[in-house]
Amino acid sequence: MRVLAAMSGGVDSAVAAALAVDAGHDVTGVHLALSPDRQTLRSGARGCCSVEDAHDARRVADELGIPFYVWDLAERFTEDVVDDFVAEYAAGRTPNPCLRCNEKIKFTAVLDRALALGFDAVVTGHHARLADGELRRSVDAAKDQSYVLGVLTAEQLAGARFPLGSMTKERVRAIAAERGFAVATKPDSHDICFIPDGDTRGFLTRRLGAQPGPVVDAATGATVGTHEGTHGFTVGQRRGLGIAVGDQRPRYVLSIEPVTRTVTVGTAELTGVARVRTAPPTWTGPVPELPLRAQVQLRAHSAAVACTVTAGADGGLVVDLDEAQRGVAPGQSAVLYAPDRARGDLVLGQGTVAG
Amino acid sequence: MTYLDHAATTPVLPEVLSAMTEQWARVGNASSLHASGRAARRDAEQSRERLAEALGARPSEVLFTGGGTESDNLAVKGLFWARREADSRRRRLVVSPAEHHAVLDSAEWLAKHEGAEVTWLHLEPTGRVTPEALADALGDGSDVAMASVMWANNEIGTVSDVAALADVAHAVGVPLHTDAVQAVGQVPVDFSASGVDALTMTGHKLGGPMGAGALLLRRDAECTPLLHGGGQERDVRSGTLDVPAIVGLAVAATTAVASRVERAARLAALRDRLVAGVLEQVPDAQLNGAPLDDVLAGGPGRLPGNAHLSFPGAEGDALLMLLDARGIECSTGSACSAGVARPSHVLTAVGAEADRARSSLRFSLGSTSTDADVDALLAVIAPVVERARRAGRGR
Ligand SMILES: Cc1ncc(COP(=O)(O)O)c(C=O)c1O
């Protein structure tokens with residue numbers, strides 16, 4: 001099989017490419033240049049597409065003896081991921097750019113181009129299991145990335161290979177070390193690659209400018225503070241609200257209203273959400289019959305909770321949670337799983353949380 | 001493996017390899033006073049004389065450097081600084097926009113950090129700089145530090161009439177530098193006859209070693225050094241002479257120049273067959289640069305081993321990858337060090353539309369090229385272009 005290995009310069013994609021070579025595939029490496037003005041050297045542990053990262057990826061490709069190219073996808077990434085990220089925040093929602101990147105860049109732009117160029121599949125270093133068209137959680141629960149892949153369709157998954165799903169991160173690093181890859185000890189990248197300093201609020205303020213508005217307490221309707229832009233907030237957020245309330249009880253963001261720029265806050269007992277509505281869903285496989293008993297994960301790093309899924313009026317889903325959850329933010333994905341201890345929880349599909 | 005990328009680098013000639021191996025087995029710093037030093041110095045100076053003779057220069061006009069990039073930097077920055085120091089009004093650099101990045105980026109660096117101002121020369125659609133365009137840009141020359149126009153372009157192979165350009169520059173008292181990296185050994189190059197003040201050449205494009213080159217610099221040209229130290233090379237380029245590299249460079253240059261006429265005729269014939277074959281297989285492909293049979297001042301107007309073609313609707317890097325997978329090595333002519341393919345700045349400078357600039361490939365022939373290489377390309381080019389076109393432009 002001819003496969004294209006997406007190589008970020010990190011340890012995961014390096015080992016994934018190596019395993020594809022071991023499996024006897026005809027492998028070509030490709031590094032995606034996603035930033036329009038690439039830094040020469042990595043700054044911090046977060047970025048992933050500096051020239052130095054491209055060099056790290058090329059080093060591994062050269063050791064593996066496979067062809068290696070850099071694809072410039074900066075323009076598409078800027079439009080489909082970065083601009084979308086900013087627009088979502090401006091609309092009072094909390095997007096997940098990694099999920100968007102998988103959906104639009106890795107498994108649309110790259111996969112389409114790979115297939116057109118005669119490749120059979122795209123290999124990535126994602127921690128998720130994929131066999132017989134079924135996407136499941138990684139055996140390494142702490143590193144599992146099935147949440148940010150939950151948006152992929154059966155057609156996209158048919159062109160994807162995730163060789164790392166059945167091993168732990170520790171094992172990945174051990175394989176890299178055994179092979180003498182210089183990236184074996186390279187730190188994991190975190191958070192958002194296009195915000196290398198990790199200051200999301202600062203990034204959004206630079207893009208959107210200051211847009212002051214009131215912070216209102218839900219119980220009293222009183223204005224308890226002001227803010228410099230709703231993009232600084234996420235539903236469920238507790239820290240950095242900059243408010244003064246009479247009692248000492250902590251407040252959480254309950255909702256964000258972009259038109260009047262109102263951030264509504266309230267005490268803990270008001271934060272629970274038991275019913276989540278989503279936009280029309282995508283499915284990783286056959287469309288399941290509704291109503292459906294399943295588990296739903298509502299954020300990248302939260303536990304899945306039991307739920308019942310029914311059809312909403314507008315083509316979306318209605319997800320009734322067995323237990324109310326705090327911090328259900330519009331814009332995040334509600335990823336549905338069918339629990340399976342033995343083979344790994346099966347990803348069914350997802351819908352974007354409406355609101 | 002079909003190697004069609006001789007303009008990137010070309011195999012080391014066997015006689016170069018043996019001359020260099022012999023040198024590496026010896027000890028001796030050419031600046032030392034003892035017998036070993038004297039022997040090294042004799043070999044270096046013999047090489048200087050041979051190189052000078054092959055290129056129509058005087059031995060004292062040959063400054064050995066670490067290659068084409070260094071020679072270009074030294075010429076642009078060194079002439080700029082020396083000329084501005086002599087007269088502070090001379091801030092302007094007159095440069096062709098189709099230059100190699102070693103010249104372009106040196107000029108832009110001077111503009112950013114040293115108060116220089118760059119005037120970009122107008123190019124013919126073929127990429128050629130005409131004497132009229134240069135005269136226009138120079139004006140009365142009083143505010144110009146130096147001008148730089150390459151002898152032959154590394155991407156599209158277009159040759160400019162450097163002697164005529166030197167006349168124009170000298171008429172207003174401006175020194176002219178020319179990057180002749182691609183020209184030496186391909187077209188007749190005579191430093192004295194050309195009249196230019198400084199000329200860049202490098203070893204690895206003519207069968208010599210990488211990291212070895214020379215700047216030919218007229219004795220009356222003032223040039224501020226970039227490297228200070230032991231005062232070697234007329235005090236313009238300090239550093240212990242790399243004698244094996246210098247010997248290899250001289251052997252390569254003399255051999256390439258001596259065999260030029262016969263090799264050029266052979267490569268031009270091969271190249272013509274390559275272009276005709278590609279155009280037959282892919283009728284809407286476009287040849288970039290000067291016509292294949294272009295003649296300029298009695299010599300070829302296009303490098304004999306250069307074929308540069310655009311394949312509208314396909315992306316250069318997709319074509320490159322598909323050919324690479326089939327064992328055919330060529331270039332988009334424009335990959336930067338980070339490996340990201342960019343539209344060719346040369347095609348952009350001659351006014352080509354974006355699609356033409358993004359869809360181009362350079363095939364370049366050299367001493368080891370054969371009919372079989374051309375046949376190998378012609379056997380796969382049509383399906384490769386079709387596939388790349390199907391893959392679209394990524395957006
Ligand atoms: C026209 C031209 N100038 C300068 C250079 C740089 O020469 P070098 O590789 O010796 O630094 C090259 C080759 O890469 C070239 O083609």
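The values are calculated or read from the model by the stated rules, or taken from the named source; none is laboratory data. Bear in mind the structure is a predicted one, so any value in this text is a computation, not a measurement. Don't worry about glycine lacking a Cβ; one is built from the backbone with ideal geometry, like all the others, and counts go over all protein chains shown. Please note that ligands, DNA and RNA were not included when accessible areas were found on the heavy atoms of the full protein model with its side chains. Shrake-Rupley method; radii C 1.70, N 1.55, O 1.52, S 1.80 Å.
Restricting the search to helices (runs of 4 or more DSSP H) fully inside the stretch B:184-293 and requiring at least 2 residues that are without any contact (Cβ under 8 Å) to a residue 40 or more places away in the chain gives B:260-281. Residues that are touching a residue at least 60 places away in the same chain (Cβ under 8 Å) and away from the ligand (no atom under 13 Å from the Cβ) were ranked within the stretch B:145-159; the one that is surrounded by the most Cβ atoms within 10 Å (Cβ to Cβ) is B:146.
The set of residues in the stretch B:339-393 being surrounded by fewer than 23 Cβ atoms within 10 Å (Cβ to Cβ) and hydroxyl-bearing (Ser, Thr, Tyr) consists of B:348, B:367, B:368, B:370. Candidates B:270, B:217, B:241: the one that is surrounded by fewer than 21 Cβ atoms within 10 Å (Cβ to Cβ) and either at negative phi or within 16 Å of the ligand (Cβ to nearest atom) (or both) is B:270.
Scanning the stretch B:61-76 for residues that are near the ligand (Cβ under 8 Å from one of its atoms) and assigned to a strand (DSSP E or B) returns no hits.
Scanning the stretch B:1-24 for residues that are within 16 Å of the ligand (Cβ to nearest atom) and either within 14 Å of chain A (Cβ to nearest Cβ) or assigned to a helix (DSSP H, G or I) (or both) yields a single hit, B:16.
State yes or no: is residue B:45 under 26 Å from residue B:304 (Cα atoms), away from the ligand (no atom under 14 Å from the Cβ), open to solvent by 20 Å² or more (accessible area, probe 1.4 Å) and more than 14 Å from chain A (Cβ to nearest Cβ)? The answer is no for residue B:45. Does residue B:183 satisfy the condition of being assigned by TED's automatic domain parsing to the domain that holds residue B:94, farther than 17 Å from residue B:92 by Cα and open to solvent by less than 20 Å² (accessible area, probe 1.4 Å)? When the stated conditions are applied, residue B:183 passes them. Residue B:87 meets all of the listed conditions (1) under 17 Å from the mean Cα position of the chain (by Cα); (2) surrounded by fewer than 24 Cβ atoms within 10 Å (Cβ to Cβ) but one, namely (1).
Would you tally the residues in the stretch A:212-236 being out of contact with any helix residue (DSSP H, G or I) (no Cβ under 7 Å at 6 or more places or on another chain) and in contact (Cβ under 8 Å) with a residue 40 or more places away in the chain? Residues that pass the stated criteria total 11.
Within the bounds of the stretch A:207-220, is there any residue that is touching a Lys or Arg at 6+ places or on another chain (Cβ under 6 Å) and open to solvent by 70 Å² or more (accessible area, probe 1.4 Å)? Scanning the stretch A:207-220 turns up no residue that is touching a Lys or Arg at 6+ places or on another chain (Cβ under 6 Å) and open to solvent by 70 Å² or more (accessible area, probe 1.4 Å).
Residue selection: residue B:252 fails the criterion of being in the same structural domain as residue B:375 (by TED's automatic domain parsing) and either of a type in the set (Gly, Ala, Ser) or open to solvent by less than 10 Å² (accessible area, probe 1.4 Å) (or both). Residues of the stretch B:358-393 that are modelled with pLDDT under 95, on the phi < 0 side of the Ramachandran plot and within 14 Å of chain A (Cβ to nearest Cβ): B:358, B:390, B:391, B:393. Do we have residue A:151 as surrounded by 22 or more Cβ atoms within 10 Å (Cβ to Cβ), among the β-branched types (Val, Ile, Thr) and not in a helix (DSSP H, G or I) here? Judged against the criteria, residue A:151 is a match. The residues listed here are B:203, B:207; of these, the one that is within 11 Å of the ligand (Cβ to nearest atom) and either more than 19 Å from the chain's Cα centre (by Cα) or open to solvent by less than 60 Å² (accessible area, probe 1.4 Å) (or both) is B:203.
So is residue B:261 of a type in the set (A, V, I, L, M) and either open to solvent by 40 Å² or more (accessible area, probe 1.4 Å) or under 26 Å from residue B:82 (Cα atoms) (or both) or not? Taking the combined requirement at face value, the residue satisfies it. Applying the criterion of being open to solvent by less than 40 Å² (accessible area, probe 1.4 Å) and in a loop (DSSP other than H, G, I, E, B) to the residues of the stretch A:28-63, the residue that is modelled with the lowest pLDDT is A:47. Looking across the stretch B:177-199, the residues that are among the aliphatic types (A, V, I, L, M) and within 16 Å of the ligand (Cβ to nearest atom) come down to B:180, B:181, B:183, B:184, B:187, B:189, B:196, B:198, B:199.
Restricting attention to the stretch B:96-128, the residues being open to solvent by less than 70 Å² (accessible area, probe 1.4 Å) and away from the ligand (no atom under 14 Å from the Cβ) number 11.
Can you tell me which residues in the stretch B:313-344 are at the interface with chain A (Cβ under 7 Å from one of its Cβ atoms), within 18 Å of residue B:9 (Cβ to Cβ) and modelled with pLDDT of 95 or more? Of everything in the stretch B:313-344, just one residue is at the interface with chain A (Cβ under 7 Å from one of its Cβ atoms), within 18 Å of residue B:9 (Cβ to Cβ) and modelled with pLDDT of 95 or more, namely B:324.
Listed by position, the strands (runs of 3 or more DSSP E) contained in the stretch A:285-355 that have at least 3 residues being open to solvent by 20 Å² or more (accessible area, probe 1.4 Å) and free of Cβ contacts under 8 Å to residues at least 24 places away in the same chain are A:305-311. Count of the stretch A:64-79 residues, restricted to those that are in a loop (DSSP other than H, G, I, E, B), surrounded by fewer than 18 Cβ atoms within 10 Å (Cβ to Cβ) and either at pLDDT below 95 or within 11 Å of chain B (Cβ to nearest Cβ) (or both), is 1.
Checked against (1) at negative phi; (2) over 17 Å from the mean Cα position of the chain (by Cα); (3) buried (at least 19 other Cβ atoms within 10 Å of the Cβ), residue B:28 passes all but condition (1).
The number of residues in the stretch B:131-144 being out of contact with any helix residue (DSSP H, G or I) (no Cβ under 6 Å at 6 or more places or on another chain) and open to solvent by less than 30 Å² (accessible area, probe 1.4 Å) comes to 4. Filtered by the rule that a residue be in contact with a Pro (Cβ under 8 Å, 6 or more places away or on another chain) and open to solvent by 10 Å² or more (accessible area, probe 1.4 Å), the stretch B:160-180 gives B:161, B:164, B:167, B:168. Only one of the numbered conditions (1) away from chain A (no Cβ under 14 Å); (2) of a type in the set (D, E, K, R); (3) on the phi < 0 side of the Ramachandran plot is violated by residue B:235, and that is (3).
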